[in-house]
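Working notes, structure below.
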Amino acid sequence: MKKLHVISLILIIILLITTVTILVSYTQSSNEPKANVYVGIAFGGNTTAQAKLIIDKTKSYTNLFILSSGINPISTNQSAVEEVCDYAVNAGLNIIVNLGTRTRDNWDWRLQFYNTSKERYGDKFLGAYYDDEPTGIPFDWDWPTFFTRNSSLFYGESRLSLKDIHYRIQLSDINGKRPDGYTQEAEWYHQLISGNRGFNDLKRNNIPTFTSDYLLFWYDYLAGYDTLFAQIGWNHSINQDISLIRGAAKMQNKDWGAIITWKYTHPPYIDSPENIYNQMKTAYNAGAKYITLFNYPYNLTDNRYGILTEEHLNALERFWNHYITKAAPNSAQAEAALVLPKDYGWGMRRIDDKIWGFWGPDDKSPIIWEKLNKLISQHGLRLDIIYDDPAFQITGNYSKVYYWHEKI
């Protein structure tokens, strides 16, 4: 009789152990991403304490931490950078590090940090975020004023000389004719980005390069970036931004993501928690490999988590639990592509947007605008927007291809 009790007790213990093992295994597996995707915070705070606070708050529902301190005090303090990165990796997070652009004073230790991070953090170190908005910033410069005030500066033999572009603009002003193409402008942007000394240091040392932009992603990739984040939230069309960045990434065999950034240039800066939730969901379903929330500034708000409120962080947690760990993306591959003219650097944010920042819209712009909106209405997130470049084979990548000048 006692022997029977002992056997029963052993069976109960085995059953309990098995049940606990299954539950633990399920809990662990159910918290793992269903796709190869990184989700997290782009931290723009000022102190290591602020960084650790947001890491502790979000580490159970994120797997990425971007130290976005390029213009903040942390970026000039090597020990602070290492302290934050150590803390994030020990919390189980992958890291991308932004220490600003190359300067004479600080670049040596920063480059050394990037190099040693490959060994120090292993696969958790994903790469360097370098030179924010490399196409967007020059695109939106006030070029007419620049040409008027600095005419003596752009006549020279430098690879970045604007002499030929300025001559084309002057000639157009005289004869009223627009250029047939924009190859010179495209080449100038390419030289501007690909010739950056800090960027080249990273490439020579095989450090994966990341940045974000809000237009002309094709040309950021073409200049050598490995991964781009589309800036979501600037009151642009999220569908159009995704079509542009995903198309560029697919054709050039690169990775892409989305960074949810400001909607306003004043407090509260960022969109509502529900809208951000939907933006993350849209980017995920479209196949984004990286989805991040831009958390800056810290010093203009009393919230200890920067501009992200408890409600924003709850939305991020809900997104992780309901989508990242539960469902695969449903619109990751485009079925159709709109093909734009080669070197046609039109901003496409509105029908009267500029071309390469130097020119106003031309006769192609309204044609493309109409077809773009028609195709987005027809295909939604299943549309990519790409460029007619013989270096990249379009055939076989899409079931439907629409060239800008053809009837739909």
Q. Percent antiparallel among DSSP beta bridges with both residues in the chain, to the nearest 5?
A. 5 percent
Q: Taking every Cα atom in the chain, find the radius of gyration and the maximum pairwise distance Dmax, and write them in Å.
A: 24.6, 109
Q. At a Förster distance of 56 Å, what's the computed FRET efficiency of TRP109 paired with ILE351, Cβ-Cβ distance as r, to 0.05?
A. 0.75
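Report relative contact order for the stretch 162-303 in percent, whole number only (criteria: Cα-Cα under 8 Å, sequence separation at least 6).
With pairs under 8 Å counted, the relative contact order is 17 percent.
Quick one: plug the Kirkwood hydrodynamic radius of the stretch 69-208 (C-alpha pairs) into Stokes-Einstein at 4 °C, 1.567 mPa s, and report D in µm²/s. Provide the component values of the computation, followed by the final result.
Numbers: Rh = 17.8 Å.
Translational D for this selection: 73 µm²/s.
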(Q) Can you tell me, using C-alpha contacts under 8 Å and at least 6 residues apart, the relative contact order of the chain as a whole percent? (A) 17 percent
Q: Taking the convex hull of the Cα atoms, report for the stretch 207-255 its projected area averaged over all directions, in nm².
A: 3.0 nm²
Q. Residue-wise, which Karplus ³J(HN,Hα) couplings in Hz belong to the stretch 139-149, taking 6.51 cos²θ - 1.76 cosθ + 1.60, θ = phi - 60°, and x for glycine or proline?
A. 4, 9, 5, 7, 5, x, 5, 4, 5, 5, 8
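With r as the distance between the Cβ atoms of SER172 and ASP123 and R0 = 51 Å, compute the FRET efficiency 1/(1 + (r/R0)^6) and round to 0.05.
On the way: r = 52 Å, r/R0 = 1.01.
That gives a FRET efficiency of 0.50.
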Q.
Taking amide H atoms as placed 1.01 Å from N in the peptide plane, list the residues 5 or more away in sequence, or in a different chain, whose amide H sits under 5 Å from that of TYR129.
A. VAL97, ASN98, LEU99, PHE210
Q: Determine the shape class of the stretch 24-139: with a ≥ b ≥ c the square roots of the Cα gyration tensor eigenvalues, call it rounded for a/c under 1.5, and otherwise prolate if a/b is greater than b/c, oblate otherwise.
A: prolate
Q.
Over the Cα atoms of the stretch 271-408, each weighted equally, I'd like the Debye log10 I(q)/I(0) at q = 0.10, 0.17, 0.20 Å⁻¹, rounded to two decimals.
A. -0.50, -1.01, -1.12
**Q.** For the stretch 265-408: relative contact order, % (alpha-carbon pairs under 8 angstrom, 6 or more apart)
**A.** 25 percent
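For the stretch 153-220, state which GluC sites (Glu not before Pro) are in a DSSP loop and have at most 10 other beta carbons lying within 10 Å of their beta carbon.
Working: sites: GLU157, GLU185, GLU187; in loops: GLU157.
For GluC sites (Glu not before Pro) across the stretch 153-220 that sit outside H, G, I, E and B with at most 10 neighbouring Cβ atoms in 10 Å, the list reads GLU157.
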Q | the chain, helix-only ellipticity at 222 nm - DSSP H runs n ≥ 4, -39,500 (n - 2.57), divided by all residues, nearest 500 | A | -13000 deg cm²/dmol
Q. Using a simple spin-label model with points 7 Å from Cα along the Cα→Cβ vector, what separation in nm is obtained for TRP141 and HIS190?
A. 1.9 nm
Q. Within the stretch 192-315, how many lysine pairs that are 8 or more places apart, or on different chains, have C-alpha atoms less than 26 Å apart?
A. 10
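Could you give the semi-axes, largest first, of the ellipsoid that matches the stretch 331-408, computed as the square roots of 5 times the alpha carbon gyration tensor eigenvalues and rounded to whole Å? The partial results should precede the final answer.
Numbers: eigenvalues 92, 44, 23 Å².
Those come to 21, 15, 11 Å.
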(Q) Taking a ≥ b ≥ c as the square roots of the Cα gyration tensor eigenvalues, with a/c under 1.5 meaning rounded and otherwise prolate when a/b beats b/c, else oblate, which class fits the stretch 162-252? (A) oblate
Q: Could you list the square roots of 5 times each eigenvalue of the Cα gyration tensor of the stretch 193-306, that is, the equivalent ellipsoid semi-axes, sorted largest first and rounded to whole Å?
A: 26, 18, 11
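Rounded to the nearest 0.05, what FRET efficiency do ALA336 and ASN206 have when you use their Cβ-Cβ distance and R0 = 25 Å? Before the final figure, lay out the partial values.
Details: r = 36 Å, r/R0 = 1.43.
The formula returns an efficiency of 0.10 here.
Throughout, read-outs are computed from the coordinates displayed, never taken from laboratory work. Please read all numbers here as calculations on a predicted model, not as lab measurements. With ideal geometry, Cβ positions are generated from the backbone for all residues, glycine too; neighbour counts draw on all protein chains shown.
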